[in-house]
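**Q** One structure coming up, written as structure tokens, with questions to follow.
The values are calculated or read from the model by the stated rules, or taken from the named source; none is laboratory data. Keep in mind the model is a prediction, meaning the values are calculated, not measured. Cβ: placed from backbone, ideal geometry, glycine included. Neighbour counts: every protein chain shown. Surface areas here come from the heavy atoms of the whole protein model, side chains and all, with no ligands, DNA or RNA. Shrake-Rupley method; radii C 1.70, N 1.55, O 1.52, S 1.80 Å.
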Amino acid sequence: MNKDMLHEPRYFENVRSLMEWAAEEYGNDTVYSFRPTPRAEIVKKSFIEFRDDVRALASEFLAMGCAGRHCVIIGKLSYDWAAVYYAILSIGGVLIPLDRDWQAEDLASTVERAEAKFLFCDADLKEKAAVIENKVSFATPTVYLNGKEGDVSIASLIEKGRDKFAADPNAYFNAPIDPHIMALMVFTSGTTGKGKGVMLSQNAVLSDLSSIIPYMDFGKKTVGVLPPHHTFGSSVMLIGHMMIGSEIYISAGLRYVAKELKEQEPEHLVIVPLYLETFYRRIMANLKEKKKEKLVARMIKVSNAMLKVGVDVRAKLFGEIRAAFGGKVKMIISGGAPINPEILNFFEAIGISTLNGYGITECAPIIAVNHSKSSIPGSVGYVLDIDTVKIDHPNEDGEGEIWVTGPNVMLGYFKDEAATKDAIDEEGYFKTGDYGKLDKNNVLYITGRKKNLIILSNGKNVYPEEIENELIATPGVIDIIVYEGQSKRGMEHNAIVAEVYPDKEYIEKNNVTDIKAHLQKYVDDYNRTAVPYKKIGVLKVRDTEFPKNTLRKIMRFKLDMSID
């Protein structure tokens, strides 16, 4: 057993066998809890109840003809969403999760591209469903998640399916599943343009999560906040937590998260960096308001010194701060974007281990992650045991494009042979489009995105993320993006631009009258120590938030990069 492993890995042939095993293993423990409406009483569902609901729903899906067919689901994370996910995959269907926030026309064209025959949709999206139905012919009427009386709802299908399962359980148990063919078609989030349909097998998702679980010190409960149409929000949450027998309290939405954390007292969280950055800013603002910044800084120094001699007093010293998370969170897993080291160090100092990882939709999604027993500062952790990573054409510092091969790599892009050929080489290596380097211990470090790389006229390379990480902790900054500003006067007049969305709450509290002048001081400080070709030439301050996708990643392709 690897010294970093906390427990042995668990491997499953398919999603159906995982769910059946989990019901036997965890029985009446709670798998999902939620409020049907924000003010309703909490409903708890056990592993056995969920299994029985999925068996019934899958039996009804078999009667509807969903087996082996393309099925679109559009909705936020809910009990119904999870039930559809497991039921479709348990009968060998193909699930296509889409972003409920897309425009109706974009949803309709994507559903048509995906060749879907069945539509499952949140009940509050009936207008969008109508637009989709007008463009695409389905085998059955739309089925509504959390549907009301009169709807064809998931609840009504579960009730109809109970009799079918009781009459012929073998129809469900014997439904053929090939774990090596497409089971999920996930459309990429499109931070740089139109997304593609990533084809993932059940084996890809299950092997990916089976390789992560042994190294993580998970607790028995979390709060689910991530959108499920991304693999980070579905694979990690729905598959990973089923493997470990952990309860997911399904959040009612972003506006309720702060209250839910205090109420539900989760032991771990799976989030994207935006949440972590927001938590950090709120904690810092609260400390400043109470004039406790210096006191907490001194407490951290004392605590860190005591940790070196084996004495951990963080739970007692920082209990008031940790109460914002319910008081029991011991681990946060973050992925999707780099995290400022200052933020990571702060959470570690107060006793919340924050493990950064790296993944991409095409790899189901995790490629590397830090371990609970061994977290390497500045890295995204150890490459998964199932994967082989190589750095293509490394420079003198060992940096190059990250290529990965393993059972979690996608089958290709749906009906796009040219894009698939560009993305996967003849040896089966997927070209991630990210730059990084790998050390002798198989620890991965991310430098930046290939598509974001700035190549100056003198041939020098500038990674925007490197500069962004230097400046993201600047007081008064919520988001910052660095790029090469385009001048109408020609390439020689282009400049490195730092575009900032300011923290208006900070501005008001600190009576900042000229936010650009305030930020320019920090840019000037950066420029004084930066190498000449990495210096920021233009500072732009936005009035509105950057355009973002639902994982809260900034969509760079929508930015106006002109500087004249």
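**Q** How large are Rg and Dmax for the chain when only the alpha carbon atoms are used, in Å?
**A** So, for the chain, Rg and Dmax equal 24.2, 76 Å respectively.
**Q** Additional query: Could you give the angle, 0 to 90 degrees to the nearest 10, between helix 154-167's Cα long axis and the longest principal axis of the Cα atoms of the chain?
**A** 40 degrees
**Q** log10 I(q)/I(0), Debye, Cα-only the range 157-225, no solvent, q = 0.16, 0.17 Å⁻¹?
**A** Summing over Cα pairs of the range 157-225 leads to -0.98, -1.01.
**Q** Cα-Cα over 19 Å: which of Lys521/Lys558; Lys220/Lys328; Lys117/Lys415?
**A** Exceeds cut-off: Lys521/Lys558.
**Q** Please compute the length gained on full extension between Asn28 and Glu159, using 0.36 nm multiplied by the number of residues separating them and subtracting their Cα-Cα distance.
**A** 45.1 nm
**Q** Using label points projected 7 Å from each Cα along Cα→Cβ, tell me how many nm separate Val541 and Ala324, to one decimal.
**A** 2.5 nm
**Q** Could I ask something else about it? Give Lys221/Lys308; Lys421/Lys553; Lys308/Lys330 a once-over and call out the pairs whose C-alpha atoms are over 22 Å from each other. Present the calculation step by step, with values, prior to reporting the outcome.
**A** Values: Lys221/Lys308 30 Å; Lys421/Lys553 27 Å; Lys308/Lys330 19 Å.
Over 22 Å apart, Cα to Cα: Lys221/Lys308; Lys421/Lys553.
**Q** For helix 515-529, what angle does its Cα long axis make with the longest principal axis of the chain, in degrees from 0 to 90 and rounded to 10?
**A** The angle comes out near 70 degrees.
**Q** Turning to a different aspect of this structure: As I understand it, the value is the acute angle between the Cα axis of helix 104-113 and the longest principal axis of the Cα atoms of the chain; what does it come to in degrees, rounded to 10?
**A** 60 degrees
**Q** For the pairs Lys126/Lys262; Lys45/Lys292; Lys148/Lys259; Lys76/Lys431, flag any whose C-alpha to C-alpha distance is greater than 32 Å.
**A** Table pairs above 32 Å Cα-Cα are Lys126/Lys262; Lys45/Lys292.
**Q** I need to check one value: relative contact order of the chain, counting alpha carbon pairs closer than 8 Å and at least 6 residues apart, in percent. Don't skip to the answer; put the middle values down first.
**A** Numbers: 1084 pairs, mean separation 65.4, N = 564.
After rounding, I find 12 percent.
**Q** What ranking, highest mean first, results for peptides 473-482, 34-43 when packing means the other Cβ atoms within 10 Å averaged over each residue?
**A** 473-482, 34-43
**Q** Separate question: Distances over 16 Å make up what percent of all Cα-Cα pairs in the range 294-344?
**A** Working: 696 of 1275 pairs.
Tail of the P(r) past 16 Å holds 55 percent of the pairs.
**Q** Taking R0 as 25 Å, what's the FRET efficiency between Arg35 and Arg282 from their Cβ-Cβ distance, rounded to 0.05?
**A** 0.60
**Q** Would you calculate the separation in nanometres between label points at Asn511 and Asp52, each defined as 7 Å from the Cα along the Cα-to-beta-carbon direction?
**A** Computed distance between label sites Asn511 and Asp52 equals 6.5 nm.
**Q** Can you give me the distance in nm between label points at Glu342 and Lys148, each placed 7 Å from the Cα along the Cα-to-Cβ direction?
**A** About 4.9 nm separates the two model spin labels.
**Q** Tell me the accessible surface of His371 in square angstrom (1.4 angstrom probe, heavy atoms of protein chains only), to the nearest ten.
**A** His371 has an accessible surface of roughly 10 Å² with all protein chains in place.
**Q** Continuing with this model, one more query. Along its principal axes, what span do the Cα atoms of the range 366-439 show, with the longest given first and each in whole Å?
**A** 42, 30, 16
**Q** When each pair of different Cα atoms in the range 12-65 is counted once in the 1/r mean, what is the Kirkwood radius in angstroms, to one decimal?
**A** Across the range 12-65, the inverse of the average 1/r is 12.4 Å.
**Q** Just the Cα atoms of the range 1-111: what Rg and Dmax do they give in Å?
**A** 16.7, 52
**Q** Counting Lys +1, Arg +1, Asp -1, Glu -1, what net charge surrounds Thr420 among other residues with beta carbon under 13 Å of its beta carbon?
**A** Combined, the nearby Lys, Arg, Asp and Glu give -2.
**Q** Next question. Please compute the volume of the convex hull spanned by the alpha-carbon atoms of the range 206-342 and report it per residue in Å³.
**A** Per-residue hull volume (Cα only) is 128 Å³.
**Q** Looking only at Cα atoms, what is the convex hull volume of the range 382-500 per residue, in Å³?
**A** Dividing the Cα hull volume of the range 382-500 by its residues yields 172 Å³.
**Q** Right, next: As a check on your grasp of the helix formula, calculate [θ] at 222 nm for the chain: sum -39500 (n - 2.57) over DSSP H runs of n ≥ 4, divide by the residue count, round to the nearest 500.
**A** -10000 deg cm²/dmol
**Q** Order the following by accessible area, largest value first: Leu453, Leu209. Probe radius 1.4 Å; ligands, DNA and RNA are ignored.
**A** Numbers: Leu453 30, Leu209 5 Å².
Output order, biggest surface exposure first: Leu453, Leu209.
**Q** May I pose another question? Lys291: which aspartates and glutamates have alpha carbons under 12 Å from its alpha carbon, excluding same-chain residues fewer than 8 sequence positions away?
**A** Straight-distance partners of Lys291: none at all.
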